[in-house]
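Peer 1: Here you go, one structure.
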């Protein structure tokens, strides 16, 4: 149901920046924190629908139209105080605090379609790539060599919330065994089969490399096939997120 901040038994009006709850929220979104923040009604709705447990909701309004779980701590703050909490420069909120889910352990799937992000550094790129994976029906995201926080607001925002709906796996190379039907495919700048001639297997892991250095040696060794997006020879390479969109569209189109 729609909850009204002022009428809730869990409602509290906060105006001081020295309030302990305010200080705690400001420290969130660190990689080692068990909590993270989501801002904006659409992204908050995605988080709730994806099963994330909400702990508190912060707003400058006395009432808001979000459907919130019963028992959520509701906090009304001044506009200036809200700006100090917000991860964006201009937002009307609200901002909600959620419990993180544990990233899945060793990847041991033998079939399906997955996207591997090898040492991707930019949260905007990572979020855009995850959004593409969701849009084109992939089954999950593999992470290797990355220090990115998958709960960073910039990544969540760039993914339009898709990062909260996908399965995420950390790839441990020492535990990679029988791949079953999975074929590991490396996206390279100029050493692979041209994309228009590439034949997609039913099950695969598409491996996309670091923005500056491409795929790591370890991931390259795992790959059975290589593909390249044909381009004008005067252009060195595509942005990794843009290339991911093109490649996954090709995979989806050829599988229909």
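Just so it is clear, none of the values below were taken in a lab; they were calculated from the coordinates. A quick note: this is a predicted structure, and the numbers were derived from the prediction, not measured. We place every Cβ from the backbone using ideal geometry, glycine too, and count neighbours over all the protein chains shown.
Peer 1: What is the extension gain from residue 193 to residue 111, computed as 0.36 nm multiplied by their sequence separation minus the C-alpha to C-alpha distance, in nm to one decimal?
Peer 2: Contour length minus Cα-Cα distance gives 27.3 nm.
Peer 1: Something else now. Can you tell me the orientation of helix 240-255 relative to the chain, as the angle in degrees between its alpha-carbon axis and the longest Cα principal axis, to the nearest 10?
Peer 2: 70
Peer 1: Shifting gears a bit: Can you tell me what share of the DSSP beta bridges in region 104-255 is antiparallel? A percent to the nearest 5 is fine.
Peer 2: Counting only bridges with both partners in region 104-255, antiparallel ones make up about 5 percent.
Peer 1: Same structure, new question: Shape of region 68-125 from its Cα gyration tensor (a ≥ b ≥ c, root eigenvalues): rounded if a/c is under 1.5, otherwise prolate when a/b > b/c, or oblate?
Peer 2: Here region 68-125 falls in the oblate category.
Peer 1: Considering only C-alpha atoms, what is the centroid distance from region 140-166 to region 70-104, in Å?
Peer 2: Value for the Cα centre distance between the two parts: 18 Å.
Peer 1: Let me have the relative contact order for region 11-99, percent, based on Cα pairs under 8 Å that are six or more residues apart.
Peer 2: 44
Peer 1: Work out, step by step, the length gained on full extension between residue 99 and residue 256: first 0.36 nm times the residue separation, then minus their alpha carbon distance; give nm to one decimal.
Peer 2: 52.7 nm
Peer 1: For the chain, give the share of DSSP beta bridges that are antiparallel, in percent and rounded to the nearest 5; count only bridges with both residues there.
Peer 2: 25
Peer 1: Here's something else I'd like to know. Okay, helix-only estimate at 222 nm for the chain: each DSSP H run of n ≥ 4 adds -39500 (n - 2.57), divide by all residues, round to 500 deg cm²/dmol; what do you get?
Peer 2: -7000 deg cm²/dmol
Peer 1: If one takes the longest principal axis of the Cα atoms in the chain, at what angle in degrees, from 0 to 90 and to the nearest 10, does the Cα axis of helix 123-135 lie?
Peer 2: Around 70 degrees separate the two axes.
Peer 1: Based on the alpha-carbon gyration tensor of region 128-170 and its eigenvalue square roots a ≥ b ≥ c, which shape applies: rounded if a/c is under 1.5, prolate if not and a/b is larger than b/c, or oblate?
Peer 2: Oblate.
Peer 1: Taking the simple approach of a point 7 Å from Cα along Cα-to-Cβ for both residue 172 and residue 146, what is their distance in nm?
Peer 2: Spacing of the two 7 Å Cα→Cβ label points: 2.0 nm.
Peer 1: Which of 110, 245, 153 has the fewest other C-beta atoms within 10 Å, and how do the rest follow up to the most?
Peer 2: 110, 245, 153
Peer 1: Just 166, 208, 129 to compare: in a GNM of the chain, with alpha carbon springs under 10 Å, which one fluctuates most?
Peer 2: Looking only at 166, 208, 129, the largest GNM fluctuation is found for 166.
Peer 1: Another question, then. If each of residue 32 and residue 224 carries a label point 7 Å out from its Cα toward its Cβ, how far apart are those two points in nm?
Peer 2: 4.1
Peer 1: I'd like the projected area of the chain, averaged over all directions, using the convex hull of its alpha carbons. Report it in nm² with one decimal.
Peer 2: The number I arrive at for the chain is 15.5 nm².
Peer 1: While we're looking at this one, here's another question. Once a ≥ b ≥ c are taken as the square roots of the eigenvalues of the Cα gyration tensor of region 104-255, is the result rounded (a/c under 1.5), prolate (a/b larger than b/c) or oblate (a/b not larger than b/c)?
Peer 2: rounded
Peer 1: If you don't mind, another one. Rg/Rh for region 17-126: what does it come to with C-alpha atoms and Rh from Kirkwood?
Peer 2: 1.03
Peer 1: Also: So for 170, 191, fewest C-beta neighbours within 10 Å to most, what's the order?
Peer 2: 191, 170
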